[in-house]
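Notes to accompany the following structure.
The values are calculated or read from the model by the stated rules, or taken from the named source; none is laboratory data. Keep in mind the model is a prediction, meaning the values are calculated, not measured. All Cβ positions, even for glycine, are placed from backbone atoms using ideal geometry, and neighbour counts span all protein chains on display.
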Amino acid sequence: MAVDLEKQPQKPDAPVRPAADPVPPPAAIRASDADRDRVADILREALAEGRLDAEEHAERIDSVYRAKTVGELEPLVRDLPAVGADGRTAAGPSAAVSYGYGPEESGAPAENLVAVFSSTTRRGRWRVGRKTQAFSLFGNVEIDLTEALFSQRTTVINATSIFGNVEVYVPENISLRGSGTGIFGNFEVVTLESSEPDAPVVVVNGFSVFGNVEAKPKRGKLITDLRRHLRKHFGY
């Protein structure tokens, strides 16, 4: 018996799905300003230790701020020795190399943030000094360290609030400690201890009278150990 093919139901063609966008390789990830600044800090430390001469340092710094991707930054620190001045190996890099800490400057002036019947905010990409003084009188002071560059491992914030408010926000993966008093007011520090021994330490000392002093981590915000980030991407 002949089959009339014209009368047989035809299966619709399967829809063609567009190809997914390829995931860029780690080296192609766009470098941020913070990435460039941290590589520049690594190079500055290498210059201070005599690992680079002034001409090499100048050439690499120029390349740092012209770099568009992480892959362009990686060669600029690849040939620096795996063992730092303190004898640590690449598996446990020194604080100066990992986080770009500069030399300790005990005589550096404190930064003052004052709000009197007003509001003062410090946030974004900025270099944090050894000490910050925050004072609020019927006002509000906000200090956001989640995108900051730490010049030294330990940062001290002395906060005073009188009928006002002082708030400090830090990345989740640093150490946060505090000591203070509230008189008819509130003093609260959410203590953190980083699993990284060389991570920055923020110490908040506070005094509150009919006011509020508060320090806590901001969810989802992490400080970057750039050297470890580069090693993870490039497998060395």
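Table for the structure above
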| read-out | value |
| --- | --- |
| Unique residue being closer than 24 Å to residue 210 by Cβ and free of Cβ contacts under 8 Å to residues at least 24 places away in the same chain when the list is 132, 160, 121 | 121 |
| Output for region 115-131, where each listed residue is at pLDDT below 95 and among the small types (Gly, Ala, Ser) | 124, 129 |
| Single unsatisfied condition, residue 182 versus (1) touching a residue at least 24 places away in the same chain (Cβ under 8 Å); (2) not in a strand (DSSP E or B) | (2) |
| Boolean, residue 48 is out of contact with any Asp or Glu (no Cβ under 7 Å at 6 or more places or on another chain), of a type in the set (A, V, I, L, M) and at pLDDT below 55 | no |
| Enumerated strands (runs of 3 or more DSSP E) restricted to region 122-163, each holding at least 2 residues that are on the phi < 0 side of the Ramachandran plot and hydroxyl-bearing (Ser, Thr, Tyr) | 131-137, 154-162 |
| Residue count, region 132-149 (criterion: modelled with pLDDT of 95 or more and of a type in the set (A, V, I, L, M, F, W, C)) | 6 |
